[in-house]
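Q: Let me begin by handing over the structure; questions about it come next.
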Amino acid sequence: MIPTPSLDQLSEAAEEADRLVAAVRPGEWDAPTPCADWDVRALVGHLTGGNRHLAAALRGGAAGDARIADISAEGDDGDAAAAHRASVDDLLAASRAPGALERTVSIPFGTVPAALALHLRLTEFLVHGWDVARATGRPARFPEPVVEQELAFGRAALAQLPPERRPFAPSQPVRDDAPAIDRLAALLGRRP
């Protein structure tokens, strides 16, 4: 059985992803990422929006809630890194609220237990953090046990979905001895 992610694991992964986002230099925002249709700015916008969405859902917001309907990649001043940082802070605060992780939440994927939403968000931090690292030439330093846990979660989750419903590109081949983060990225359609 795959354990429910802890708030410490979520925080560690969020902080590493945010470190990678904060390190993006002005000329790198338009760089291509391993996500074929997204440059760095769009990918960070996706990650920021997902953070905001789950934070609102953990506070009891619904999928169509006006507070989360208009999610942009940038903050009011056009600073995508600052907007991401604020979204991480908001998500971590919402996750720590009493009873938040016992809720059922509405996310774009559907209405699910908060524990499942936490797995999905953790996987997003890991894989999209890896994407930003690859796009900008920096190392991603996610805790290996957390990555292994989410790799097991990802394998189990994908095994339950028919191929036409998978939200990622087909899994790619990767060496068995590759770092866990590369194996997770490959599972979700990236070429390490």
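Q: Taking the stretch 109-141, which residues are among the aromatic types (Phe, Trp, Tyr) and at pLDDT 95 or above?
A: Residues satisfying the conditions are PHE125, TRP130.
Q: Take the stretch 76-96 and flag every residue that is surrounded by 13 or more Cβ atoms within 10 Å (Cβ to Cβ) and small (Gly, Ala, Ser).
A: ALA80, ALA81, ALA82, ALA83, ALA86, SER87, ALA93, ALA94, SER95
Q: May I pose another question? I'd like the full set of residues that are out of contact with any helix residue (DSSP H, G or I) (no Cβ under 6 Å at 6 or more places or on another chain) and in a helix (DSSP H, G or I), limited to the stretch 97-114.
A: Scanning the stretch 97-114 gives a single hit, GLU102.
Q: From ASP77, ASP89, ASP37, grab the single residue that is at pLDDT 90 or above and of a type in the set (Asp, Glu).
A: Criteria check complete, one pass: ASP89.
Q: Looking at (1) free of Cβ contacts under 8 Å to residues at least 12 places away in the same chain; (2) crowded, with 18+ Cβ neighbours inside 10 Å; (3) among the β-branched types (Val, Ile, Thr), find the lone condition where ILE181 falls short.
A: Answer for ILE181: the failing condition is (1).
Q: Got a number for residues in the stretch 3-42 being in contact (Cβ under 8 Å) with a residue 40 or more places away in the chain, more than 22 Å from SER95 (Cβ to Cβ) and in a helix (DSSP H, G or I)?
A: Total satisfying the criteria: 2.
Q: Another one. Would you check if there is a residue in the stretch 112-124 being out of contact with any Lys or Arg (no Cβ under 6 Å at 6 or more places or on another chain), closer than 18 Å to TRP38 by Cβ and acidic (Asp, Glu)?
A: Within the stretch 112-124 (the criterion being out of contact with any Lys or Arg (no Cβ under 6 Å at 6 or more places or on another chain), closer than 18 Å to TRP38 by Cβ and acidic (Asp, Glu)), the answer is yes, since at least one residue qualifies.
Q: Which one is modelled with the lowest pLDDT among residues in the stretch 153-167 that are surrounded by fewer than 14 Cβ atoms within 10 Å (Cβ to Cβ) and either within 27 Å of GLU15 (Cα to Cα) or not polar (S, T, N, Q) (or both)?
A: ARG165
Q: If you take the residues of the stretch 4-62 that are crowded, with 16+ Cβ neighbours inside 10 Å and β-branched (Val, Ile, Thr), which of them is nearest to PRO145 (Cα to Cα)?
A: VAL21
Yes/no matrix, rows are residues, columns are (1) among the β-branched types (Val, Ile, Thr); (2) in contact with a Phe, Trp or Tyr (Cβ under 6 Å, 6 or more places away or on another chain); (3) part of a helix (DSSP H, G or I):
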{"residue": "LEU116", "(1), (2), (3)": "no, no, yes"}
{"residue": "GLU124", "(1), (2), (3)": "no, no, yes"}
{"residue": "VAL127", "(1), (2), (3)": "yes, no, yes"}
{"residue": "PRO139", "(1), (2), (3)": "no, no, no"}
{"residue": "GLY154", "(1), (2), (3)": "no, no, yes"}
{"residue": "LEU161", "(1), (2), (3)": "no, no, no"}
{"residue": "SER171", "(1), (2), (3)": "no, no, no"}
{"residue": "VAL174", "(1), (2), (3)": "yes, no, no"}
{"residue": "GLY189", "(1), (2), (3)": "no, yes, no"}
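The values are calculated or read from the model by the stated rules, or taken from the named source; none is laboratory data. Small disclaimer: the values here were computed from a predicted structure and weren't measured. Neighbour counts are summed over all protein chains in view; Cβ atoms, including those assigned to glycine, are modelled from backbone coordinates with ideal geometry.
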